[in-house]
Amino acid sequence: MGEVLTNQHTVGWYGIIGSGTLLLIATWRLTAHLWGWCPGVINRAAEGPRAEGWTMRRAFHLLLFIAMFLETLGYAEFIGLPLAASDEMSEKVGYGLLEIFGRCNFEFGAYSVATSLWFLTIKSSRAGQGIDSLSNDHFYQHGLCRKFYCLPATIVVAFLGLSIHSIIVFASLYNSDYDTLHDWKENSHLHKVHLVAEGCWWTIHGILVLFCAWLMYQRLLALPSYQDLAVTVKTNIVTRMLVTILTCAACYIVRGGMIILARVSLSDDDDDDFENGGKWWIIAMWVPTLFPSILLLYAFRRIERGPSWIDGVSLETQEVLGDPKPPQLIWQEFKRILYDSNDEVSESSPFDYETYDTDFEDSEIIKPATERKKSNGSNSLISFSFPTDESLFQSSQF
C-alpha cells in the first residue's frame, strides 16, 4: 500500500474521491444553513424560519467548504490538471492549495470554529457550573470560568496567525528560484518554520479539545438526574457525547505530530520526501480530514432557528397567534377598556375603535364618568376615578 501511495496519480484519485465527497456534503449543508428552513423538533412536520445573519455553524460550513474545494483542486493537479503555465509551477500551486491553504488555513479554521462553539455551549449550559469539588461561587468569583473559556480565543488567534503566515509562505513558494518543489522544501527556512508552527498548533488544538471534553463531562456529572440513571444508560450518554470530541482531539494531535516529523525529516541526509509517502497521506492528511469532518458535519447539521419561531408549532398556527404586542400598544388597549368599563354602556360609548388616535390625551380617557356623561348629555350619578399614572400599569408586565 505504501508503494502504491507514492504514485501521485493514485494519490490524486484517492484524494479527489475523499475531498470531493466532503465537498458535496459541505455544499449541501451550507446551502441548507443559508437558505433552508428549520424542521420542527416536537412536530417533525412543522417548519420555521432560519436564524438571520452569520452564525458559528454557518462559518464552520463555509470554511470547510472552501477547504475541501482547495484540496480537491490540489489533488486534481496530481492527475494532470494544469494550475499554471509550466509543470513545475503547477506543482507548486497545487502544493500551496492542498497543504498550505487547504489544510493549514481553512481546515484548521473550520475546526477552530467547532471547538469554540463547543466551549461556548458548555459555558451557556445549565447543567451545573462547578468543576470537581469547586462550588459555583468559587468557580466564578476566583475567575476560573474566565480562565477556562478564554481558551477558544487562543485557537482563533492561532488561526488568524497561521492564515497570515500561510500567505507569506505561499508567496515565497510562488516566487522562489528553486526549480522543483522538493528543492524548495529542503532549503526554505520559511517553510521549516511554518511546519513547526502548524504542527505545534494542531497538537495544542487537540489538547484543548481534550480539555473541552473534560469540562463537558464535569457538567454532565453536575446534573442531579444523571446520578440516578443506570450504568448502561450513563455509558450510552457519555459515548454519544464524547465520541466526536475525543475522535477530533486524537486526529488533531496525530496530525500535529506527523507535521513535526515532516520538519525533522528535512534535517536528515535522506533524500526521500516524507510528505509524499503512504504514511503521510493516510495518517497526516486523509484520516485527520475525513473523520473530524464527517463527525462535525453530523453534529452541526441542525439549522439555527429564528428567534420568533415557536418549536413544534406550524406556520399556520403561528400566523393565527401573531407576533407579541409591544407594551405601548397593550397600554393603549388597556386605556380603551378603562374608558368603556367606566362608561358602563358599551353601545353608547363615544370611543371610536377604528379612528382611535394614539396621541389622545390620557386625561381625556381616564377621568370620572360623571364628567364624560355630562359631556354626552347624560345625568348619571355614578362616578369612578382611576389613577392616571402609567407607571402603575407598566409595572404589571404588559
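The values are calculated or read from the model by the stated rules, or taken from the named source; none is laboratory data. What you see is a predicted model, and the numbers here were worked out from it, not measured in a lab. Note: ideal-geometry Cβ built from the backbone for every residue, glycine included; neighbour counts use all protein chains shown. Quick note on the areas: whole protein, heavy atoms, side chains included, nothing else; ligands and nucleic acids left out. Shrake-Rupley method; radii C 1.70, N 1.55, O 1.52, S 1.80 Å.
If you check 239, 244, 232 for being more than 30 Å from residue 184 (Cα to Cα), open to solvent by 80 Å² or more (accessible area, probe 1.4 Å), at pLDDT 75 or above and not in a loop (DSSP other than H, G, I, E, B), only one passes: 232.
A search for C-beta distances below 7 Å between a residue of the stretch 57-83 that is closer than 24 Å to residue 115 by Cα and any residue that is open to solvent by 40 Å² or more (accessible area, probe 1.4 Å) and among the polar types (S, T, N, Q), counting only pairs 6+ apart in sequence or on different chains, returns 65/27. Applying the selection to the stretch 162-181, what residues are closer than 11 Å to residue 92 by Cβ, at pLDDT 90 or above and in a helix (DSSP H, G or I)? Those that are closer than 11 Å to residue 92 by Cβ, at pLDDT 90 or above and in a helix (DSSP H, G or I): 170, 172, 173, 174. In the stretch 83-96 there is no residue matching the filter, namely being among the aliphatic types (A, V, I, L, M), out of contact with any Phe, Trp or Tyr (no Cβ under 9 Å at 6 or more places or on another chain) and assigned to a helix (DSSP H, G or I).
Evaluating residue 52 against the criteria (1) acidic (Asp, Glu); (2) surrounded by fewer than 15 Cβ atoms within 10 Å (Cβ to Cβ); (3) at pLDDT 90 or above leaves one unmet condition, (3).
Of the residues making up the stretch 62-70, one or more are out of contact with any strand residue (DSSP E or B) (no Cβ under 9 Å at 6 or more places or on another chain), open to solvent by less than 50 Å² (accessible area, probe 1.4 Å) and more than 17 Å from residue 33 (Cβ to Cβ). Residues that are at pLDDT 90 or above, open to solvent by 20 Å² or more (accessible area, probe 1.4 Å) and of a type in the set (Asp, Glu) within the stretch 80-110 comprise just one, 91. Take residue 209 and tell me if it is modelled with pLDDT under 90, aliphatic (A, V, I, L, M) and in a helix (DSSP H, G or I). No, not satisfied.
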